[in-house]
1. Just to confirm, what accessible area per residue do you get for region 19-95 at 1.4 Å probe, in whole Å²?
2. Once you charge only the Cβ atoms, +1 for Lys and Arg and -1 for Asp and Glu, what is the size of the charge dipole of the chain about its Cα centre, to the nearest 20 debye?
3. Would you compute, for the Cα atoms of region 47-96, the largest minus smallest coordinate along each principal axis and list the three values in descending order, in whole Å?
4. Taking 8 Å as the Cα distance limit and 6 or more residues as the minimum spacing, I'd like the relative contact order of the chain as a percentage.
5. Give the lysines whose C-alpha is closer than 23 Å to that of Lys43, dropping any in the same chain fewer than 8 places away, or say none.
6. Where the Cα atoms of the chain are projected onto their three principal axes, how long is each span, largest first, in whole Å?
7. Which lysines have a Cα less than 19 Å from the Cα of Lys100, not counting those fewer than 8 places away in the same chain?
Amino acid sequence: QVQLAESGGGLVQPGGSLRLSCVASGSIFSLNTMAWYRQGPGKQRDWVASITSGGSANYADSVKGRFTISRDNAKNSVHLQTDSLYSEDTAIYYCYAHLKETWGVPFRDYWGRGTQVTVSS
């Protein structure tokens, strides 16, 4: 019954910024890596950024220097600060979490339903 809920998407002009948020709720025994992916129209879902439980972050080359991922372990949340946005950043942004619901099960992948980011002048 784990759910990932994204928020913060919207319409922004080129060069603008948005802060995306995702909160994981439900039965969570251990929350490991969290990440953001995105999928533009007619494209596959691509990895954008990830962050480990210890706070180590990695980014796709296309967003390095522009996006910042962070997390709040106490709130089971992950955030993506998106700056200097291009039209090419337009996509549905999905939250991802690798987590274990209880001690007796393996880690599994969980996905949010996505939040739309549209960059247009």
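The values are calculated or read from the model by the stated rules, or taken from the named source; none is laboratory data. What you are looking at is a predicted structure, and each value in this text was computed from that prediction instead of being measured. Methodologically, a virtual Cβ is constructed for each residue, glycine included, from the backbone with ideal geometry; neighbour enumeration extends over all protein chains shown. The accessibility values were calculated without ligands, DNA or RNA, using every heavy atom of the protein model including side chains. Shrake-Rupley method; radii C 1.70, N 1.55, O 1.52, S 1.80 Å.
1. 48 Å²
2. For this selection, approximately 120 debye.
3. 34, 18, 17
4. 37 percent
5. Cross-link targets: Lys64.
6. Largest first, the chain extends 50, 26, 22 Å along its Cα principal axes.
7. Correct list for Lys100: Lys75.
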